[in-house]
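Q: I have a structure here, written as structure tokens, and I will follow up with some questions on it.
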Amino acid sequence: MKYIFTVVLIFFTAGLFAQQTPSGKKLIQFSGIITDRDSSFVVPYVTITNKTNQDQRYAANYKGYFSFVAHPGDTLIYNAIGYTDKVVLIPADIKDSKYTAMVKMKSEIVYLPAVRVYPWATIEEFTKDFLAMKVADDDMEIARKNMSSRSINGKIQYLPRDAGEISSTNFRIDQERELNKNLVQSNPLLNPFAWGKLMQQIFSGDKSRQNNNN
């Protein structure tokens, strides 16, 4: 019984060894960390394909760490969204049963076509708004509105006078004041005091004539 158990164990071990090492190839534990080449940040959930071993696939965890069994000389392809595919060749002359590597992937810049968002859901809505749209005035129309009598009158009422306009108005008022003063002095009829004096002389003359007649 003990002999039979030993034979079965030998056949089981031989079959397991033949399954793990096809064609007599050496097995190694391949481990590492995947980072961004420019920022050194970890790249999570990268898919690793072993092209040498019938496209066997593995995945890195959220920290960018991976570990799986491979053979020296295997060709691996690292693939992640937003990154260029990275090809890694495991050295064929590895003596140890473990191999560690730092894999750096290059971020891929994707230029998406420009998208313009319009506020109209249908062509009919666009046509309706386009026909109701008020076209802006050109330079000639703007100048005509600014020079209209309505616009000028409104500016006269609300805009303050500048220094030149105030000086011109004061000069005109002073000139009219001096002109009126000269007219009053040269023409006694325009002087109210002269009129009062004349009326007083007339009344005095009438009174003296009445006294002489008496």
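The values are calculated or read from the model by the stated rules, or taken from the named source; none is laboratory data. Fair warning: this is a prediction, and the values are worked out from it, not measured in the lab. Cβ placement follows ideal geometry from the backbone for every residue including glycine, while neighbour counts extend to all protein chains displayed. SASA here: full protein model, heavy atoms, side chains in, ligands and nucleic acids out. Shrake-Rupley method; radii C 1.70, N 1.55, O 1.52, S 1.80 Å.
Q: Identify the residue in the range 14-31 that is at pLDDT below 75 and not hydrophobic (A, V, I, L, M, F, W, C) and, among all such residues, is least open to solvent (accessible area, probe 1.4 Å).
A: T21
Q: Going by the conditions given, is T84 of a type in the set (S, T, Y), open to solvent by 90 Å² or more (accessible area, probe 1.4 Å) and within 30 Å of S31 (Cα to Cα)?
A: Judged against the criteria, T84 is not a match.
Q: If you don't mind, another one. Could you please tell me which pairs satisfy a Cβ distance under 6 Å, a separation of 6+ or placement on different chains, a first residue in the range 95-110 that is within 18 Å of P44 (Cα to Cα) and touching a residue at least 24 places away in the same chain (Cβ under 8 Å), and a second residue that is charged (D, E, K, R) and open to solvent by 90 Å² or more (accessible area, probe 1.4 Å)?
A: Listed by first residue and then by second, the contacts come to K104/R37; K106/R37.
Q: Also, quick follow-up: Pick from the range 67-81 the residues that are free of Cβ contacts under 8 Å to residues at least 40 places away in the same chain and within 11 Å of Q29 (Cβ to Cβ): which of them is most open to solvent (accessible area, probe 1.4 Å)?
A: S67
Q: Within the range 32-60, can you find the residues that are over 20 Å from K106 (Cβ atoms), outside any strand (DSSP E or B) and either of a type in the set (D, E, K, R) or modelled with pLDDT of 95 or more (or both)?
A: Residue satisfying the conditions is D55 alone.
Q: Taking only the range 121-152 into account, find how many residues are open to solvent by 100 Å² or more (accessible area, probe 1.4 Å) and part of a loop (DSSP other than H, G, I, E, B).
A: The number of residues fulfilling the criteria is 4.
Q: Then there's this: Test of understanding: among Y111, Y99, Y118, which residue is among the hydroxyl-bearing types (S, T, Y), closer than 30 Å to I28 by Cα and not in a helix (DSSP H, G or I)?
A: Y99
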